[in-house]
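Notes to accompany the following structure.
The values are calculated or read from the model by the stated rules, or taken from the named source; none is laboratory data. Only a predicted model underlies this, so the values are computations on that prediction, with no experimental measurement involved. Cβ sites come from the backbone with ideal geometry, for glycine too, and all protein chains shown count toward neighbours. The area values use the complete protein model at the heavy-atom level, side chains included, leaving out ligands, DNA and RNA. Shrake-Rupley method; radii C 1.70, N 1.55, O 1.52, S 1.80 Å.
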Amino acid sequence: MQIILQAAGLTKQVTDNEGEPLVILQGLDFLVTAGESVAVLGASGSGKSTLLGLLAGLDTPSSGSVHVDGRSLFSLDEDGRAALRGRLVGFVFQSFQLLPALTALENVMLPLELRGEAGARASAAAVLERVGLAERTGHYPAQLSGGEQQRVAIARAFAASPKLLFADEPTGNLDTATGERVIELLFELNRERGATLVLVTHDERLAARCGRQLVLEDGRLRERG
């Protein structure tokens, strides 16, 4: 099977307020094959979001390597990593990360336009219709509910048909009922588009929907039986 994501010896160490070294992640080794859905669970402060940032090349490790679709992330400079993310990666964040000055349609169009794709407006409108927001395309984030904002974020993530989708606590700011609807949508689109899904969460219901669960504890990952 094709390996889409691989980490080897991944370590992240920072300095605490007293100047002492603080190890957040230590020597992580794991791989994800194309088409998998993988949940990373862990307590608050366990380093889940730090791990996701490293896997996406948004942060750099103290040591170790990450390969995405066979490319070594940290052999690339910052611009190179950004270009690779633009081609291969989508994101869904807990805080939505929509641009407030852009409408829902414009937020979804943005990654397509950055890639220079023709027909960005039509593609963005189609995926917004798929997530049930055809009537809200001209609304700004402040005019949308939390659930609607997260659906825009999901539409933006999937619009460019990424090979790899990272989700960071995608239901963390939503009530239970809205969160359930967003989870259904996330997995429906994941199946339709064939993306590999890696998400970090403390939500056991969300994690249970994934094919694999990894637990981050004391800076190390272990596979849950």
TODO: Would you be able to tell me the number of residues in segment 6-25 that are over 19 Å from Lys48 (Cβ atoms) and among the hydroxyl-bearing types (Ser, Thr, Tyr)?
DONE: 1
Task: Near pairs, Cβ below 7 angstrom, 6+ apart or cross-chain, from segment 26-44 (touching a residue at least 40 places away in the same chain (Cβ under 8 Å)) to any residue that is buried (at least 16 other Cβ atoms within 10 Å of the Cβ) and of a type in the set (Ser, Thr, Tyr) - done: Gln26/Thr11; Gly27/Thr11; Val32/Thr196; Ala34/Thr196; Gly35/Thr196; Glu36/Thr196; Ala39/Thr201; Leu41/Thr201
TODO: Could you please let me know if Thr103 is touching a Gly at 6+ places or on another chain (Cβ under 6 Å), open to solvent by less than 30 Å² (accessible area, probe 1.4 Å) and more than 21 Å from Ala39 (Cβ to Cβ)?
DONE: yes
Open item on the list: Show me the strands (runs of 3 or more DSSP E) found entirely inside segment 17-82 where at least 3 residues are within 23 Å of Gly211 (Cβ to Cβ), open to solvent by 20 Å² or more (accessible area, probe 1.4 Å) and in contact with a strand residue (DSSP E or B) (Cβ under 8 Å, 6 or more places away or on another chain).
Closed with: 21-33
- [ ] Scan segment 118-133 residue by residue and report those that are surrounded by 13 or more Cβ atoms within 10 Å (Cβ to Cβ) and either part of a helix (DSSP H, G or I) or touching a Pro at 6+ places or on another chain (Cβ under 9 Å) (or both).
- [x] Ala120, Arg121, Ser123, Ala124, Ala125, Ala126, Val127, Leu128, Glu129, Arg130
Open item on the list: Being closer than 20 Å to Asp218 by Cβ, modelled with pLDDT of 95 or more and open to solvent by 10 Å² or more (accessible area, probe 1.4 Å) is the requirement here; does Gly9 meet it?
Closed with: yes
